Amino acid sequence: MTVGKQLKTTLSSLKSAQASLESFALETESQTAKQVFSQFADQTKSIVEGIEARIQEIETQEPQYKAR
């Protein structure tokens with residue numbers, strides 16, 4: 001598996017985790033838990049954005065890694 005493919009797989013997993021954390025934040029009644037889940041979702045979003053930037057960089061440098 002190429003690095004590009006691994007990054008895209010990781011990105012997909014992280015987006016799923018982010019969505020789950022956001023859902024947990026909405027569904028829980030505890031204000032403390034809502035804050036924690038929201039904070040984790042925000043941190044995950046930041047990581048997602050970093051990986052998306054890296055994927056773009058790789059695809060620019062190595063066109064063969066672009067999604068087909």
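Any idea which of (1) more than 19 Å from the chain's Cα centre (by Cα); (2) surrounded by 14 or more Cβ atoms within 10 Å (Cβ to Cβ); (3) not acidic (Asp, Glu) is the one Thr10 doesn't satisfy?
All conditions pass for Thr10, except number (1).
So which of Gln56, Gln61, Gln35 ends up being at pLDDT 95 or above and not hydrophobic (A, V, I, L, M, F, W, C)? Even if it seems obvious, please write down each step before you answer.
Numbers: Gln56 fails: at pLDDT 95 or above; Gln61 fails: at pLDDT 95 or above.
So the residue among Gln56, Gln61, Gln35 that is at pLDDT 95 or above and not hydrophobic (A, V, I, L, M, F, W, C) is Gln35.
Suppose we keep only residues that are free of Cβ contacts under 8 Å to residues at least 24 places away in the same chain and charged (D, E, K, R) within the range 13-28. Which one would you say is surrounded by the most Cβ atoms within 10 Å (Cβ to Cβ)?
Applying the filter and picking the extreme gives Glu22.
Please enumerate the residues belonging to the range 29-52 that are over 30 Å from Pro63 (Cα atoms) and either touching a strand residue (DSSP E or B) at 6+ places or on another chain (Cβ under 7 Å) or loosely packed, with under 15 Cβ neighbours inside 10 Å (or both).
Answer for the range 29-52, where residues must be over 30 Å from Pro63 (Cα atoms) and either touching a strand residue (DSSP E or B) at 6+ places or on another chain (Cβ under 7 Å) or loosely packed, with under 15 Cβ neighbours inside 10 Å (or both): Glu29, Ser30, Gln31, Thr32, Ala33, Gln35, Gln39, Asp42.
The values are calculated or read from the model by the stated rules, or taken from the named source; none is laboratory data. For clarity, every value in this text was computed on a predicted model and none was experimentally measured. As a convention, Cβ positions derive from the backbone with ideal geometry for all residues, glycine included, and neighbour counts pool all protein chains shown.
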